[in-house]
Amino acid sequence: MLHGWKMCSGTLLYFGWSCWVGVAAPATVTAQDIEKRLTLQSELTMVWADFSSDGRRIATANGSNSDGTAARLQVWDAETGQVLKVLEGHSLAVTRGDFHPNNPNLLATVSWDGHAILWNLDSGRPVWKKEVANTKVANVAFSRDGTVLAVSSATGVVKLLNPDNGETVREIRPHGTNTVNGMAFFPDGKRLATAGVDKTVQVTSLDTNEQDRQWRIETPFAFDVAVSRDGRRVAAPSQFQGITIWDVATGEKEHDFSVEGPFAFSVVFSPDGKWLAAGSGEPDEHGEIKIWDVESGDVVHTVTGHSGAAMFVRFDPQGQQLISASEDGSAIVWRVAPTKPSTTTKTPAKTASRADFPFGVLIGKTKGPGMTGFVDAV
């Protein structure tokens, strides 16, 4: 059910709205299980948020106006919610970032402006800034040991950079000329999982540039990808099909998970690999974060609190907190504790205005009248 919204043709640059169907059967949740601990607020869509490797800082990227301008990249104190730094260096919207896994002072970001920047967060200045594409850059990911930095562009090229200086070591095209919407390294750093708009999720050997695994989905797009900490599982969301988890060793499907509401975007495994979280929602209606037990497939938590879609989710390094970035301009830090299968926990959500919502790239939306932050797919 598309509710009369337009569908864009072509290739998605970063991620697009997907239609997810199905309801998971829940039980009960107590106030101690889920707690909204901190809300970080902005006037524009939050497209990305994550914790530093020591859990002490949070970085967020705001969406922008429809021409890619007016984006904001901020660093916050994870305990107090105080803004520590506003990072200025990209000329257009920031699409994604990733903290260095071993140095909490380093943050890599990519942007519509075709550049990748490695930031020193103490100084708030770039360690280096490199033009990595002559088009929009969609994604960035560190290897688990921090020795490789991968960036992907709208042309399908994935560049593997030396994080010390930003120089390109090699290039791969796991999805041909199709945009790579999601990337995640395996623990050994020798394989890269990717999700593309060519209806495939792939595992590529970086030593041989050959596919170790390829899973085809039946719907138009795969929007994200996650690899468990032990490298045994890969998870990805796809339009109309929900989330699939595969066993990497056998190539077999382990689970299909559904999400309430029509759209879902981001998936992530908890640090111990026991949970999988996903962000979803309906534009200008509400956002939802759902967490499953990976072994049993049971719903552990379902949390609502955003008045717009939950665009991005990440656990903190200890797996005790989860951050969700939303279309409503907020990023919420949730305190999450182990519990039995549970039902929805609702928290108050502020009102957001309805806007025309084509399938395509969400780059942000202002709260003022007549301003949307969506562009057609490229």
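The values are calculated or read from the model by the stated rules, or taken from the named source; none is laboratory data. Values in this document were obtained by computation on a predicted structure and should not be read as measured data. Using ideal geometry, Cβ is built from the backbone for each residue, glycine included, and neighbour counts are taken over all protein chains shown.
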With among the acidic types (D, E), out of contact with any Lys or Arg (no Cβ under 9 Å at 6 or more places or on another chain) and under 17 Å from H175 (Cβ atoms) as the only criterion, which of E210, E218 stands out? E210
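Just the residues that are part of a strand (DSSP E or B) and at pLDDT below 90, please, taken from the range 259-277.
If the condition is that a residue be part of a strand (DSSP E or B) and at pLDDT below 90, then A264, F265 are the ones that fit.
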Residues satisfying the stated conditions in the range 120-153, i.e. polar (S, T, N, Q), within 18 Å of H90 (Cα to Cα) and either touching a Pro at 6+ places or on another chain (Cβ under 8 Å) or not in a loop (DSSP other than H, G, I, E, B) (or both): N120, N139, S152, S153
Scan (1) outside any strand (DSSP E or B); (2) on the phi < 0 side of the Ramachandran plot for the single condition G251 breaks and write down its number. (2)
Expected single match for in a loop (DSSP other than H, G, I, E, B), over 20 Å from T109 (Cα atoms) and at pLDDT below 95 among G156, G176 is G176
Given (1) within 19 Å of the chain's Cα centre (by Cα); (2) within 21 Å of P317 (Cα to Cα), where does G189 come up short, assuming only one miss? (1)
